[in-house]
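Asks: Dumping the structure here so I can ask a few things about it.
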Amino acid sequence: MADANLQQRLYQALRQALLDGRFQPGEALKIRDLASAWGTSPMPVRAALQRLVAEGALEGEPQRSVRVPPMTEARFRQLFEVRLSLEGLAAELACPRVTAEALAQLEAEVAEMDAALQRRDIRTYLAANSRFHLALYGACDNPLLLRLIESLWLQVGPFFNRLFTEADLNLRLNGFHDEACRALRTGDARAVRHAVEQDLRYCGQYLAGLLRLEADAPARKSGAAARAGRGASTRTRPGQSASALGIPSRAARG
C-alpha cells in the first residue's frame, strides 16, 4: 500500500510538472536522477513514468529511457485543432456553473500571471496559467471532457515555454484571461468561449510559426551557404582582370 501511494504521488508530481511546462520538448527524464531528487528507489519512479508513457504524455526510448516527445508543426496543429474545440466547449459549459468563490480564484490566478509577466518569471506564469485554464474547464461538470483536455495539455504543456522568447508577445499573454473573467462575471457563456478560443489562437499561431521557422532553418542555412559559395567563386582573385569576369572596362563603360 505504501509503495502504491508513493507511486501515485510521483505520478501526480510528474503529471503536474508536464502541465506546468517544467520540462522541455525532447528532454530526457532519467529515472535515477528523479529517484535521487525525490529520495526514493528507481522502481516507483519507473512505474510512474510508464503510466505517463501509456497516456501519450511521454515516450519510451531504447534502453528503457523516457523523454518528453519532441514537438513538430504537424503534431502541434493537430493538438491545437482538437484543443480549440474541446476547450471552447468546456469554457462555455462552465460559465453558468462558476461560483463567486471560483471566479475570485480565477481572478487571483490572472493577477498572479500579471505579476509573473512583469518579473519575466516563466515558471510562475505557466503554473498559474495551467491552474486558470484547468480550474475553469473543471467547472463544466463533464468528467470525460475534462480528461480529454488534460490529456492534450500533458502533451502540449512542455512547449509553452517558447511563449517567452518574444518580449512583445509577453505583454499580451494575459489579456484574454481578463476578458474571460469579465464574461464570467456577466454570465455571458458565448463571450467566455470566444475569449478562450482567442487565447488559444493567439498563442497557437505564434508557436506554430516558431516550429515552421525551425523546420525551414536547415534549408535556409544550406541556401545561404550555396549563395556564399557562388559569391566566392565570382570574386576577383589577385591578378585576375575585371574583363575576365565579364565586367566591362572603365573605357568600355564610357
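Asks: Among residues belonging to segment 29-54 that are of a type in the set (Ser, Thr, Tyr) and under 16 Å from residue 3 (Cα atoms), point out the one that is surrounded by the most Cβ atoms within 10 Å (Cβ to Cβ).
Replies: That would be 40.
Asks: A further question follows. Do we have any residue at all in segment 3-21 that's out of contact with any Cys (no Cβ under 9 Å at 6 or more places or on another chain), surrounded by 15 or more Cβ atoms within 10 Å (Cβ to Cβ) and part of a loop (DSSP other than H, G, I, E, B)?
Replies: yes
Asks: Would you say residue 143 is modelled with pLDDT of 90 or more and either within 20 Å of residue 130 (Cβ to Cβ) or surrounded by 10 or more Cβ atoms within 10 Å (Cβ to Cβ) (or both)?
Replies: Yes: the conditions hold for residue 143.
Asks: From 36, 85, which residue is farther than 27 Å from residue 210 by Cα, among the hydroxyl-bearing types (Ser, Thr, Tyr) and not in a loop (DSSP other than H, G, I, E, B)?
Replies: 36
Asks: It is to be established whether one or more residues within segment 24-33 are aliphatic (A, V, I, L, M), part of a helix (DSSP H, G or I), in contact with a Leu (Cβ under 8 Å, 6 or more places away or on another chain) and not assigned by TED's automatic domain parsing to the domain that holds residue 149.
Replies: Yes, segment 24-33 has at least one match.
Asks: Could you tell me which of the residues 148, 134, 126 is in contact (Cβ under 8 Å) with a residue 60 or more places away in the chain and under 14 Å from the mean Cα position of the chain (by Cα)?
Replies: Among 148, 134, 126, only 126 is in contact (Cβ under 8 Å) with a residue 60 or more places away in the chain and under 14 Å from the mean Cα position of the chain (by Cα).
Asks: So, one more: Which pairs have Cβ atoms under 7 Å, sit 6 or more apart or on different chains, and link a residue in segment 58-87 that is assigned by TED's automatic domain parsing to the domain that holds residue 163 and surrounded by 13 or more Cβ atoms within 10 Å (Cβ to Cβ) to one that is modelled with pLDDT of 95 or more and aromatic (Phe, Trp, Tyr)?
Replies: Listed by first residue and then by second, the contacts come to 87/137.
Asks: So residue 109 fits all but one of (1) touching an Asp or Glu at 6+ places or on another chain (Cβ under 9 Å); (2) surrounded by 18 or more Cβ atoms within 10 Å (Cβ to Cβ); (3) of a type in the set (Asp, Glu); what number is the exception?
Replies: For residue 109, the exception is condition (1).
Asks: Specify which of the listed residues (210, 184, 171, 163) is at pLDDT 95 or above and either among the aromatic types (Phe, Trp, Tyr) or under 30 Å from the mean Cα position of the chain (by Cα) (or both).
Replies: The unique qualifying residue is 184.
The values are calculated or read from the model by the stated rules, or taken from the named source; none is laboratory data. Because the structure is a prediction, the values reported are computed rather than measured. Methodologically, a virtual Cβ is constructed for each residue, glycine included, from the backbone with ideal geometry; neighbour enumeration extends over all protein chains shown.
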